[in-house]
Amino acid sequence: MSSSRTSGDRLPGPLREVAEHLSRLPGLGPKSALRAALALLKMPREQAAAVGQSVLTLRERLCLCRTCASLAEADPCPICADASRNREQLCLVAEWDSLLALEEMSLFRGTYLVLGGLLSPLDGVGPSGLEFDLLRRRLASGEVRELILALGATLDAENTASYVKNIVAQGFPDISVSRLAQGIPMGAEVKYMDRETLRQSLLHRQAV
């Protein structure tokens, strides 16, 4: 009889199922997912139930703002609903956590659009998988005068920025395009930058 069962096969079914689900989350491999599942198992029943309920609540109560595609509890989100925001400045970010990083500075008073990622042909992410149609609608509204690219300095970010510049040049030539200043090192993502570097990059953004 073969004894080639993997360690995962030796786990009790319910524990293996939870670990497999957790391993699909970003940054969690099989071993770290198993540790997380074991931690859940060791929690008091009420605490574990609260974790499960909070995941369901997350799915049920959060939505995507139809104006900027950011996560929010209401549509429009608080930023888009804020009449004091400068509608002439639109900051384009790849993900919602980059928006949060910029908002933490309390410096930018324009509005945002969350692309939902970056163009990455190797990963199968093309224009149809991102919020370019929403971007075109925002630019066509007539409110935007400056589009600020806050996409980072990775290769995918550079390719996405070039794609966006072509959209503006071809359809909205009266809108200026700028990008965060190059205090952001090559290969860096906006969401991981320290606050002062991000502040300086926004203050000294460059026309492109």
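Can you confirm whether the stretch 140-147 contains a residue that is more than 19 Å from the chain's Cα centre (by Cα), modelled with pLDDT of 95 or more and in a helix (DSSP H, G or I)? The answer is yes, given that some residue of the stretch 140-147 is more than 19 Å from the chain's Cα centre (by Cα), modelled with pLDDT of 95 or more and in a helix (DSSP H, G or I). Taking the conditions exactly as written (small (Gly, Ala, Ser), in contact with a helix residue (DSSP H, G or I) (Cβ under 6 Å, 6 or more places away or on another chain), surrounded by 12 or more Cβ atoms within 10 Å (Cβ to Cβ) and not assigned by TED's automatic domain parsing to the domain that holds Arg179), does Ala101 satisfy them or not? No.
Scan the stretch 164-178 and give yes if some residue there is of a type in the set (Phe, Trp, Tyr), in the same structural domain as Glu88 (by TED's automatic domain parsing) and either under 14 Å from the mean Cα position of the chain (by Cα) or over 19 Å from Cys68 (Cβ atoms) (or both), otherwise no. No, that holds for no residue. Being touching a residue at least 60 places away in the same chain (Cβ under 8 Å) and under 30 Å from Arg138 (Cβ atoms) holds for only one residue in Ala72, Ala101, and it is Ala101. For Arg10, the conditions (1) of a type outside the set (Ser, Thr, Tyr); (2) more than 21 Å from the chain's Cα centre (by Cα); (3) under 30 Å from Leu115 (Cα atoms) are fulfilled apart from (3).
The values are calculated or read from the model by the stated rules, or taken from the named source; none is laboratory data. Because the structure is a prediction, the values reported are computed rather than measured. Every residue, glycine among them, receives a Cβ derived from its backbone with ideal geometry; neighbour counts consider all protein chains shown.
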